[in-house]
Amino acid sequence: MAQSDRDGFTSAFGVLVATLGSAVGLGNIWKFPSLTGANGGAGFLLLYLASTVLVGLPVMIVETMLGRTARANAVTSFETVAPDGQWWWKGIGWMGFAASLFILAFYSEVAGWVYAYIFKAMSGEIATVDPKVAGRAFDGLVSDPVGSLTWQWVVLVLCGGIIMFGVSKGIEAVTRKLVPLLFILLLVLCGRSLTLPGATQGLAFLFSPDFSKITPVVIMTALGLAFFKLSLGMGTMLTYGSYFPDDQNIPATTTRVMLADLSVSLLAGIAIFPAVFAFGFEPAAGPSLVFMIIPAVFTSMPGGTVFMTIFFLLTAIASIGAMLSLLEVPVAVLCERYGMKRGTASLCTILAIALLGLPAALSHSAAAHLTLFGLNAFDLYDFLSSNVLMPVGGILICLFVGWVYGLPELERHLSNNGDLRNRPLIRGVFLLVRYIAPLSIAVILLNGLKLL
Ligand code: PFF
């Protein structure tokens with residue numbers, strides 16, 4: 001397809017909100033607090049910060065750069081930038097294709113719970129500060145097969161409907177409105193949580209490290225979270241990069257996205273942990289944490305029902321930006337490689353996810369007994385994508401850029417053909433992706449999988 005025919009982001013702000021919309025999502029509000037809670041708090045937070053800055057950011061920079069250079073979907077991009085005859089690099093794109101489907105299969109389920117909570121919040125059903133009552137409401141939802149599936153499908157139809165409109169009229173138009181709104185609401189929530197009686201205990205948990213909790217699995221989880229948060233190693237950032245304008249300053253944009261995304265996670269942590277301690281919840285409660293804490297925080301404040309409803313509405317909305325970016329990976333491959341119309345490609349992708357999502361949606365009810373390596377479908381998809389496919393994709397991208405693509409090309413493309421004076425920075429990125437990032441990802445991955 002000629003470049004001029006290809007859809008893309010239309011402004012620097014559009015690039016920023018769409019990319020941030022991909023990074024910010026349930027990962028910040030659901031995964032980050034529950035993983036931080038389950039893995040001991042501040043020590044985990046430090047590991048996550050280090051993984052984000054030393055590994056996540058360099059990978060994000062080179063991944064978006066590859067996409068913008070090739071101006072194609074995840075698979076074709078590797079065909080375009082790899083040297084002649086080295087066809088195998090496109091396997092990274094196919095791995096990303098698979099990873100995006102696996103992530104969507106469980107992500108859409110959690111998003112479905114959030115949607116259901118919008119209505120539960122409105123009806124007052126979850127207006128409680130009692131952990132037991134909150135727990136029962138959440139269990140009732142996830143163990144109901146019909147409810148779980150219906151909500152998952154609602155989410156899929158909605159996102160599929162948006163993705164059909166394309167990159168500028170679908171993804172960019174929607175994220176422009178939603179991303180700023182999310183920031184405002186999180187600030188309101190933090191304000192409330194910080195003024196609760198037990199706030200300092202929660203902040204201490206989040207900010208004073210206990211290194212005794214750190215194990216190889218915890219380190220792998222922190223790295224996996226860094227990849228998941230920044231949507232890396234699976235062609236999402238590459239696909240989005242392919243829609244960046246030619247003069248976009250990639251290192252600056254990606255750094256901004258990383259910082260904004262970290263702030264959202266920290267704000268979510270600040271909103272949630274003080275409340276966890278104030279209301280006597282268990283910080284290690286896992287994925288259900290958010291679904292119990294948030295109602296308690298809002299129930300305890302004036303106008304709680306309204307705020308609670310708005311919060312779940314906005315979390316639902318935040319999940320949309322991330323899901324759009326996940327959907328764009330397979331949709332772009334289907335359109336550009338198989339000549340499918342955008343509508344057909346979106347429909348096929350949604351149907352595939354609905355099928356793959358069945359065991360995940362039922363993993364707390366009818367399909368609870370279906371386990372592999374002791375994990376149900378929901379946890380298996382999550383583990384496989386965040387802890388295996390994304391880091392492996394990340395290593396391969398680093399090896400490709402560090403050892404095949406090379407410094408001169410990297411300099412040319414990241415400096416926009418010499419327009420940007422950022423050579424020392426590019427050299428730093430190159431060293432990180434050539435040595436530090438692939439080595440540390442490999443060691444952490446093998447260790448975490450008990451293979452080392
Ligand atoms: N970054 C998103 C979040 O934190 O919720 C999740 C995600 C989106 C992961 C896109 C991977 C991806 F390709």
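The values are calculated or read from the model by the stated rules, or taken from the named source; none is laboratory data. Just so you know, these numbers come straight off a predicted model, no measurement behind them. Because the Cβ atoms are built from the backbone with ideal geometry, glycine has one as well, and the counts that use them run over all protein chains shown. Quick note on the areas: whole protein, heavy atoms, side chains included, nothing else; ligands and nucleic acids left out. Shrake-Rupley method; radii C 1.70, N 1.55, O 1.52, S 1.80 Å.
The table below gives the values:
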| read-out | value |
| --- | --- |
| Mean shadow area of the range 38-97 over all directions, Cα convex hull, nm² | 5.4 |
| Difference of contour (0.36 nm per residue) and Cα-Cα distance, Q201 to C348 | 48.1 nm |
| The range 287-307 and the range 31-51: distance between their alpha carbon centers, rounded to Å | 22 |
| Where only alpha carbons of the chain are counted, the Rg and the Dmax (Å) | 21.0, 66 |
| Signed unit charges on C-beta, dipole axis of the range 298-431, positive-most listed residue F378, G402, A368 | G402 |
| Inter-site label distance for T371 and D144 at 7 Å from Cα along Cβ, in nm | 2.6 |
| Dipole magnitude (debye, nearest 20) for the chain, charges at Cβ of Lys, Arg, Asp, Glu | 360 |
| CD proxy at 222 nm, helix term only [per DSSP H run n ≥ 4: -39500 (n - 2.57); per residue of the chain; nearest 500] | -22000 deg cm²/dmol |
| Dipole in debye (nearest 20) - the range 1-132, about Cα centre, beta carbon charges: Lys, Arg +1; Asp, Glu -1 | 140 |
| Hull volume in cubic angstrom per residue (convex hull over the Cα atoms of the range 191-328) | 145 |
| Most to least packed among 269-277, 340-348 [average Cβ atoms within 10 Å] | 269-277, 340-348 |
| Relative packing of 393-405, 160-172, 101-113, 413-425, which averages over residues the other C-beta atoms within 10 Å, highest first | 101-113, 393-405, 160-172, 413-425 |
| Length released on extending from N447 to L407, taking residue separation times 0.36 nm less the Cα-Cα span | 11.4 nm |
| For the range 386-452 versus the range 165-187, the gap between their alpha-carbon centres in whole angstrom | 30 |
| Pair D419, S11: separation of 7 Å Cα→Cβ label points (nm) | 1.8 |
| Translational diffusion of the range 155-203, µm² s⁻¹ [Kirkwood Rh, Cα pairs; Stokes-Einstein; 37 °C; 0.692 mPa s] | 247 |
| Between the range 82-112 and the range 54-76, the Cα center-to-center distance that results, in Å | 13 |
| Heavy atoms of D382 accessible to a 1.4 Å probe, total area in Å² rounded to 10 | 30 |
| Listed residues L49, I29, S325: farthest to the positive end of the dipole of the chain (Cβ charges) | L49 |
| Area accessible to solvent at L370, 1.4 Å probe radius, in Å² | 100 |
| Helical segments meeting 24 Å axial Cα length and Kyte-Doolittle 0.0 threshold in the chain (DSSP H) | 90-123, 145-163, 173-194, 250-278, 304-338, 342-361 |
| Charged-residue dipole, Cβ positions (Lys, Arg, Asp, Glu), the range 194-307 about Cα centre, Debye nearest 20 | 160 |
| Computed lengthening from L158 to I436, 0.36 nm per intervening residue step minus Cα-Cα distance | 96.0 nm |
